[in-house]
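Below is one structure, written out as structure tokens, with a few remarks after it.
No value in this document is a laboratory result; all are computed from the given coordinates. Bear in mind the structure is a predicted one, so any value in this text is a computation, not a measurement. So basically every Cβ, Gly included, is an ideal-geometry build from the backbone, and we count neighbours across all protein chains shown.
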Amino acid sequence: MKYERIRDNWRKFPHPIRWLVTAILGISLLGLGIIFLVLPGPGFPLIIAGLAILATEFTWAEILLNKSKLHLNTVVEKAKPKIKILVALAIVLALSATTTFYLIKY
């Protein structure tokens, strides 16, 4: 409900103002995301947020956002088996560390 009211109010702005605000905010987030790919920080989420904001007014950004979502889904699907192995390894290491600590203590 609240989101619909905000969206309706946003659509009442004249197109040039809406376009300019969207462009400035989206490009700023996109630029920060690219910078944070090199520096420590949330690079990919900022890039996706910037593209999502730009996609509200620009078709090219919507196409890039859809391609990014597709690539992200394929990366996540490829990483799922590796995550299961890492979780199992972490559990084994935690159990062995706990057992070692218990044996040393007593």
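Quick notes
- Computed over the alpha-carbon atoms, the stretch 1-51 gives an Rg to Rh ratio of 1.14, Rh here being the Kirkwood radius from the mean inverse distance.
- Only helices enter this figure: runs of n ≥ 4 DSSP H residues, each worth -39500 (n - 2.57), summed and divided by the residues of the chain, yield -31000 deg cm²/dmol at 222 nm to the nearest 500.
- Dipole of the chain computed with +1 at Lys/Arg Cβ and -1 at Asp/Glu Cβ about the Cα centre; of 94, 46, 58, farthest Cα towards the positive end is 94.
- The stretch 50-106: projected area of the alpha-carbon convex hull, averaged over directions, in nm²: 5.7
- Cα-Cα separations in the chain greater than 21 Å, expressed as whole percent: 59
- Lysine pairs in the chain with Cα atoms under 29 Å, if 8 or more residues apart or on separate chains: 10
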